[in-house]
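Here the structure is laid out as structure tokens; the discussion comes afterwards.
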Amino acid sequence: MLTRDDRTVPGALDVLDAIRPLGLRHIGFKDMGLEPARMRELNLKIKAQGATSWLEVVGTAPGAALAGARSAVAIGVDRLLGGTDRDADAVLAALAGTEILYFPFPGAPRGHPTVLGGRPEEIAADCALFRAKGCAGVDLLAFRASEAEPLELVRAARGALGDRMLVVAGSIDQPARVRALALAGADAFTIGSAIFKGTFAPRRGALVPQLQAVLAACRELA
């Protein structure tokens, strides 16, 4: 994710140029931090690099997810993250007729930076609901949890999603968490702030060395 502290970084277009040699296949950004015209430009540049584009809706207030879905359609992204059970029907309707895949938040996200409320059984119930509605998967803020142990939520979501995709987002800032998520059943994770702050691999510098460390951690799981 071209993001830091839940906002798209101001120099996102320049960052894309810097990381192009890595050949990343999935690159995303938030709906906060850039004007719509710049987001469209960013999305086009991501796709020009041969990557799948992801947009995550940050806001959790009523109407935020629907607005994000309309932006996703206008921008032309490939994947949309965010929104809750109260938003799913409206978001799916807004995405109808497009090829955009939708990954809502299970549980009760609130605030900014977002904190996730919800016990494992509640997360599982939401995941089953989203699966029944036809969502491609979920975007689980496991390490932002306030009521449960993060990996318990990951395992609960995995058990309820079946063959749908489980993306874990937020506070994935060390190789140990990548390994733990894989063992618990996550299919993918997002990472942004740890790359720009240089905390995933301390003493290696920011951006490209950090991404190289993330890719190495993923290869160890193959």
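The values are calculated or read from the model by the stated rules, or taken from the named source; none is laboratory data. Nothing here was measured: the structure is a model prediction, and the numbers come from that model. Every residue, glycine among them, receives a Cβ derived from its backbone with ideal geometry; neighbour counts consider all protein chains shown. Note: accessible area is taken over every heavy atom of the protein model, side chains too, but ligands, DNA and RNA are not part of it. Shrake-Rupley method; radii C 1.70, N 1.55, O 1.52, S 1.80 Å.
The table for this structure:
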read-out	value
Fully extended contour minus Cα-Cα distance, from Ala67 to Leu22, at 0.36 nm per residue	12.9 nm
Highest-MSF residue in the chain out of Ala93, Ala145, Ala194 [GNM, Cα springs under 10 Å]	Ala93
Two-site label geometry, Val115 and Ala48: point separation in nm, points 7 Å out along Cα→Cβ	4.3 nm
Residue-averaged 222 nm ellipticity for the chain, from DSSP H runs of 4+ at -39500 (n - 2.57), nearest 500	-12500 deg cm²/dmol
Percent of beta bridges antiparallel (DSSP, the chain, rounded to nearest 5)	20 percent
Label point 7 Å beyond Cα of Glu220 along Cβ direction - residues of the stretch 148-167 with amide nitrogen under 20 Å	151
Accessible solvent surface per residue of the chain, calculated while the other protein chains remain in place, 1.4 angstrom probe, Å²	44 Å²
Backbone HN-Hα couplings from phi across the stretch 2-14 [Karplus 6.51/-1.76/1.60, Hz, Gly and Pro as x]	7, 9, 9, 6, 6, 9, 5, 5, x, x, 4, 5, 5
Exposure of Val9 as accessible area (Å², to 10), given a probe of 1.4 Å and all protein chains	20 Å²
For Arg7, distant residues with modelled amide H under 5 Å away	none
Shape parameters for the chain, alpha-carbon atoms, Rg then Dmax in Å	16.3, 47
R0 of 35 Å, Cβ-Cβ distance Ser146-Asp14: FRET efficiency to nearest 0.05	0.45
Per residue Cα convex hull volume in Å³ - calculated over the stretch 1-129	109 Å³
Eligible lysines near Lys197 by straight Cα distance, threshold 21 Å, same-chain separation 8 or greater	Lys30
Distance between modelled label sites at Met32 and Ala96, nm, 7 Å Cα→Cβ extension	3.1 nm
